[in-house]
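Report on the structure given below.
The values are calculated or read from the model by the stated rules, or taken from the named source; none is laboratory data. Predicted model only: the values in this text are computed from it and were never measured. Virtual Cβ from ideal backbone geometry, glycine too; neighbours counted across all protein chains shown. In case anyone asks, the SASA skips ligands and DNA or RNA and just uses the protein heavy atoms, side chains included. Shrake-Rupley method; radii C 1.70, N 1.55, O 1.52, S 1.80 Å.
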Amino acid sequence: MTTPHRDRSGRPLVAVTGLGIVTSLGEGRDDNWAALTGGRSGIHRIDRFATDNLRTTIAATVDFVAAEPFCAPALSQELAVRAVAEAIGQAAIGQAGDFPGALFIAVPPVEMEWPQRLALAQASGAAGDVTYADLIAAARSGRFKTWHDLFLFGSVADHVAERFGTKGSPVSLSTACSSGATAIQLGVEAIRRGEVEAALCVGTDGSVNPESLIRFSLLSALSTQNDPPGAASKPFSKNRDGFVMGEGAAALVLEDYDHALARGATVLGFVLGCGERGDSFHRTRSSPDGAPIIAAIREAIDDAGLTPDAIDYVNAHGTATPENDKMESLGLMAVLGERMSGVPISSNKSMIGHTLTAAGAIEAVASLMTLQTGRLPPTINFQVPDPAIALDVVPNVARDASVTRVLSNSFGFGGQNTCLVFGAEPA
Amino acid sequence: MSKREVWITGIGLVSSLGEGTETHVAALGGVTPSVDGERFAPHRLHPAVPLAWEQQIPKKADQRQMEAWQKLGVYAAGLALADAGLKDDKERLGRMELVVAAGGGERDYVVDGQILTGLPTANDAGAFLNERLMNDLRPTLFLAQLSNLLAGNISIVHGVTGGTRTFMGEEQAGVDAVRIAAARIAAGQGDTFLVGGAYNAERPDILLIYEMGGFLWAHDFASVWDRPGHGGGFIPGSGAAFLVLEAADTAGARGARPLARLDAVAADLTRRAPGSVDRSLARLWAQVSPGAPRSKGAILSGATGVVGITEEERGALARLAQGVRVYATGDLIGHMLEAQFPAGLALAAAALAAGSFEEATVTSVGHTRGEGLARITRIT
């Protein structure tokens, strides 16, 4: 028996052995990486639903995946299933339908959508003003039984767990726009506790529908520069005016390093550290001093057993909202200091939009592919620098670089700040 | 790594019976549940008692930013922090971790009704829907119904800012929130956690979801154990429950008073089939109560009243804990979905602290999926 591998804090090392990804740019690692490093945008005019009377008419929807009935939970589930299948395939772990570990999955908060409400209203036969009493009366017929399961918060996780045979009680979670990173953090913690030897960590979001888009629009969070669509998402630019909604999913197979070694798995990289901090300042804005963001970045680097000097590249949250990019830059400058002006940072969201619940997981996959290939995807649409943001944003064109450690940031409404550090080798 | 002991040091509980632990512990001795059968007739629910919100949510501006489920949760979270002696302890609250079991939703029912009335006759349904939503939705409604914004509001109102995580998934979210918080404390991945959930049953969209599945009890109030013979089903209950969980060493160091020790939490999600709940509970029982003495104990069951699973749970408990008194929290406060397991645990811990029992086991069998058990012991 060899001595178990441990990190500097004496904890099991967390290896990544499988990656899967679906975005508006395509399905799978190869297509996505080619597009992301080719500077291609997946943002387009919405043709899934009518856009009359909307201020924003573009999104990075995934239109090549069918879901029935078409709604956020059904599409989110299908996206997750495809990403998971790819990740488990790469990891070559367990048997088909028998994944030897836990499931942590970030899913969008679901609720019944307008086509279903309308169907219930029509089934009720209500004449005149329709109320919820009519919908409930229609529900009593028993004809809509499958929609109960469809719109429960725990259903996507349950179905993914059943399909892939994960063990134990699957955890569905939401930490808004940092959800994907939180799913990874939960997996890391479970492995470090020695509770599981493997964890399947997933983020998925297929929730671009009229009401979800309008909700963000009413908060003035979305870009309204609809034409041309591919130029709308402009992280770190002076003329940035909000994010573009996106869809997608990503899955990571995390494993106790010794478990991966023992079964001869190919190790793609390591999750070295996680940092997390709540913000009590405001429901949608960060503390003006950036203290919670700074604390989350610092904690992730500390947790990895590193110092800020060890970070070679930052996969930005980079939403392209005026607020986020300013605060993210401020936070990074505070932790990495003067050196940050020379550390490359880029935002995948310039190409795939903000994939919301999935973003942290999708950007983790991109971070690990950067570690594997030594290639930095660009921040596209960078034409007008913001003098207040003195960062090397890898403007417009991908770049080769020697990268051994990546910081990936995720920040969300409700004061959610989650940062992850990935490495090619243990710290 | 040696496992650290986990203490429950604060309880916040709000329901149709009232607020605070005393009312709820007294209810274990017998109570007439509060049931409203009129507001949403023919459906019944257990409505939350009126609360003086300003006692836990001082700013009116904060109250306005929240829908009822969030307010219930923030209120109960405040009670729990006060009970643990941590209210306004900025330094500790700044490091405290938050795990919330949440649903979400809450809608503008008038706007929804107007849209559904107008859609069938609109010239262009898509354009009509967009126009109405753009003009009629309150911008802040989104935040008042977003799942992770209960946690966000607890951060804002009470200053809990270590890390905040929101679990979703109906009853099992409540089980997993407690399970993972306890596991993190035991393994040294955090010292102090605020864990719980909230539920507003007084919502037609909630009734709609569960009516579609045929899960609502449609008759006069009856004990959950007596419902399966008459079609079964649950009566939704409004309320919230939060617990402060602390590592015994850090709680002891600050001189905190332990209400109970959380010995074990276990959870599973089995494929439901006849017998699966019985088998699942037996497995979980073995995990949480290895060789546990069964005298002077009680079981607080989260049984729903849903056909099949309720009889199986009753049978399993009768076999696993022969002669031990079983209380159904659903008979007292109704079914609070995500908040039901935290509420059962809160009530059990309060009863232990009041000297009612020496130990207690809390169960959760989700109405459609998920099973969980927790075991707590009195600290004397």
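Odds and ends about this structure:
- Cross-link partners of residue A:349 among lysines, defined as those whose alpha carbon lies under 19 angstrom from its own and excluding same-chain residues fewer than eight positions apart: A:234, A:238, A:326.
- When +1 charges are put on Lys and Arg Cβ atoms and -1 charges on Asp and Glu Cβ atoms, the dipole computed for chain A relative to its Cα centre reaches about 220 debye.
- With every protein chain in place, chain B: carbon and sulfur % of accessible area (1.4 Å): 50 percent
- Taking a straight Cα-Cα cut-off under 30 Å and skipping sequence neighbours fewer than 8 places away in the same chain, the lysines within cross-link reach of residue B:87 are B:3, B:59, B:60, B:71.
- Peptide B:104-117 - average C-beta neighbours from other chains (10 Å radius): 5
- Shielding by other protein chains, B:126-135, mean Cβ within 10 Å: 6
- Euclidean distance between Cα centres, region B:331-368 to region A:177-202, Å: 28 Å
- Part-to-part distance (alpha-carbon centres) for region A:104-123 and region A:375-427, which is given in Å: 35 Å
- Each of the peptides B:242-251, B:59-68 was scored by the mean count of other Cβ atoms within 10 Å over its residues; in descending order, highest first, they stand as B:242-251, B:59-68.
- Here is the interface size for A with B: some 6500 Å² of accessible area buried, both sides summed, with a 1.4 Å probe.
- Per-peptide average of other Cβ atoms within 10 Å, ordering A:23-32, A:117-126, B:167-176 highest first: B:167-176, A:23-32, A:117-126
- Positive-end residue, chain B charge dipole about Cα centroid, Cβ charges, pick of B:119, B:198, B:49: B:198
- Per-residue mean of C-beta atoms belonging to partner chains within 10 Å, peptide A:212-222: 4
- For chain A, the antiparallel share of DSSP beta bridges with both residues in that region comes to about 70%.
- Residue-normalised accessible area of region B:108-237, expressed per residue, 1.4 Å probe, Å²: 25 Å²
- Counting protein heavy atoms only, region A:67-130 has 50 percent of its accessible area on carbon and sulfur, 1.4 angstrom probe.
- Phi-based couplings in Hz for region B:162-171 (Karplus 6.51, -1.76, 1.60; Gly and Pro marked x): x, x, 10, 10, 10, 9, 10, x, 6, 3
- Taking Cβ atoms as reference points and 14 Å as the exclusive limit, the residues near residue A:31 contribute a net charge of 0, counting Lys and Arg as +1 and Asp and Glu as -1.
- Environment charge at residue A:366 (Cβ cut-off 11 Å; Lys +1, Arg +1, Asp -1, Glu -1): +2
- DSSP-defined beta bridges in chain B - what % are antiparallel, rounded to 5: 60 percent
- Gyration tensor (alpha-carbon) shape descriptor, region A:254-314, a/c threshold 1.5: prolate
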